[in-house]
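Chemist: The structure under discussion is supplied below as C-alpha cells; questions concerning it will follow.
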Amino acid sequence: QSVLTQPPSVSAAPGQKVTISCSGSSSNIGNNYVSWYQQLPGTAPKLLIYDNNKRPSGIPDRFSGSKSGTSATLGITGLQTGDEADYYCGTWESSLRAVVFGGGTKLTVL
Amino acid sequence: EVQLVESGGGVVQPGGSLRLSCAASGFTFDDYAMHWVRQAPGKGLEWVSLISGDGGSTYYADSVKGRFTISRDNSKNSLYLQMNSLRTEDTAFYYCAKTVVIGAFDIWGQGTMVTVSS
C-alpha cells in the first residue's frame, strides 16, 4: 500500500491529452514539493517534473505538473506512442523522514 | 557526461549479506545528497535510503532500518549500500540516484539486480 495514491492505469488516443493524479496528505504533498518520473519498459526512471511544476532541461513542454493542497497532477499533451510507460509521483514525507512514491500509473496510448 | 553506475548485485541466500556500489562521474559528487531506490520485479518504486553530501546524515525506510547501511566515499566519488540479514522480500533492482532538490532525483543509474533466494 503506497503512501501516495495514483490510478493504476490511464489511456488516451494519440494527439490527445491525459492527466494523472497523485493524492497524499498534509505530511507529504501538502507541505513538500512533488516530482514525477517516467519509466519506459526495461529502463531506469527518468525525471519529468520537480518542485511541482519545473521541467529539467530536455523535457518537452508537453509535460506539465501542478499541485493543489494535498494532490498533484501530471499532464501530458499531444500524446505519442512513445509516451507509453509507467509514471510515478514522489515527494518527501515529513512524518517518516523518507521519500515516498505513488504506486505508479500505466499509460496506454491507444 | 553525468553518470551513475551500480555494481555488486547478485544472488544471495536469506540471511546473507551483499554490498552494492555506485560510481559517480560528471558532477561534483560531494555537493549532492544521494539515494538508493529499489524496484521489485513487476512492482513500483520503493525508496530505500538517503545520505547527505558530507555523509553526516542518513535516513532509511522502515523496511530496511537496522539491516542496511548507506555510506559514501567522496574521495572516490562512490556511494555504497551494505545489506545484511537479507530477506526474500529484498529481491529487487537497486538504483542509485542523485538528488536535484529534496525528494527529487535527476540522475539514475542503470540498476543492479539483487536476488535473495535459497
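Chemist: Considering only protein heavy atoms, what per residue accessible area in square angstrom results for the stretch B:1-99 with a 1.4 angstrom probe?
Modeler: So the stretch B:1-99 comes to 44 Å² accessible per residue, rounded to a whole number.
Chemist: Wrap a convex hull around the Cα atoms of the stretch B:22-118, take a quarter of its surface area, and give that in square nanometres.
Modeler: Spelled out: convex hull of the Cα atoms, projected over all directions, averaged, 6.3 nm².
Chemist: Then there's this: Calculate what fraction, in whole %, of the accessible area of chain A sits on carbon and sulfur atoms when a 1.4 Å probe is rolled over the protein chains.
Modeler: 46 percent
Chemist: Right, next: Give the range of the longest stretch in chain B that excludes all trypsin sites (Lys or Arg not before Pro) found in loop regions by DSSP and having at most 14 other beta-carbon atoms within 10 Å.
Modeler: By the stated rule (loop sites, at most 14 other Cβ atoms within 10 Å), B:1-42.
Chemist: Additional query: Output the residues of the stretch A:71-110 meeting this criterion: accessible area (heavy atoms, 1.4 Å probe) in the chain alone minus accessible area with all protein chains in place is 50 Å² or greater.
Modeler: When all protein chains are present, A:TYR88, A:TRP92, A:ARG97, A:VAL99, A:PHE101 each give up 50 Å² or more of accessible surface.
Chemist: Here's something else I'd like to know. Please report, as a whole percent, how much of the solvent-accessible surface of the stretch B:1-113 comes from carbon and sulfur atoms (probe radius 1.4 Å).
Modeler: Summing carbon and sulfur atoms, their accessible area is 46 percent of the total for the stretch B:1-113.
Chemist: Give the ranking of A:TRP92, A:TRP36 by solvent-accessible surface, highest area first, calculated with a 1.4 Å probe.
Modeler: Per-residue accessible area, sorted high to low, gives A:TRP92, A:TRP36.
Chemist: Additional query: So what is the relative contact order for chain A, in percent, with contacts set as C-alpha pairs under 8 Å and at least six apart?
Modeler: Once divided by the residue count of chain A, the mean separation gives 38 percent.
Chemist: I need the Debye-formula profile for the stretch A:43-110: one equal scatterer per C-alpha, no solvent, reported as log10 I(q)/I(0) at q = 0.22 1/Å, two decimals.
Modeler: -1.11
Chemist: Give the distance, in whole Å, between the Cα centre of the stretch A:13-75 and the Cα centre of the stretch B:87-118.
Modeler: When both Cα centres are located, 20 Å separates them.
Chemist: Please report the relative contact order for chain B, taking Cα pairs under 8 Å with a sequence separation of at least 6, and give it as a percent rounded to a whole number.
Modeler: After rounding, I find 36 percent.
Chemist: For the interface of A with B, what's the total buried accessible surface in square angstrom, probe 1.4 angstrom, rounded to the nearest hundred?
Modeler: Its buried surface, counting both partners, is about 1600 Å².
The values are calculated or read from the model by the stated rules, or taken from the named source; none is laboratory data. This structure is a prediction, so every number in the text was calculated from the model and none was measured. All Cβ positions, even for glycine, are placed from backbone atoms using ideal geometry, and neighbour counts span all protein chains on display. Surface accessibility is based on the protein's heavy atoms, side chains included, excluding ligands, DNA and RNA. Shrake-Rupley method; radii C 1.70, N 1.55, O 1.52, S 1.80 Å.
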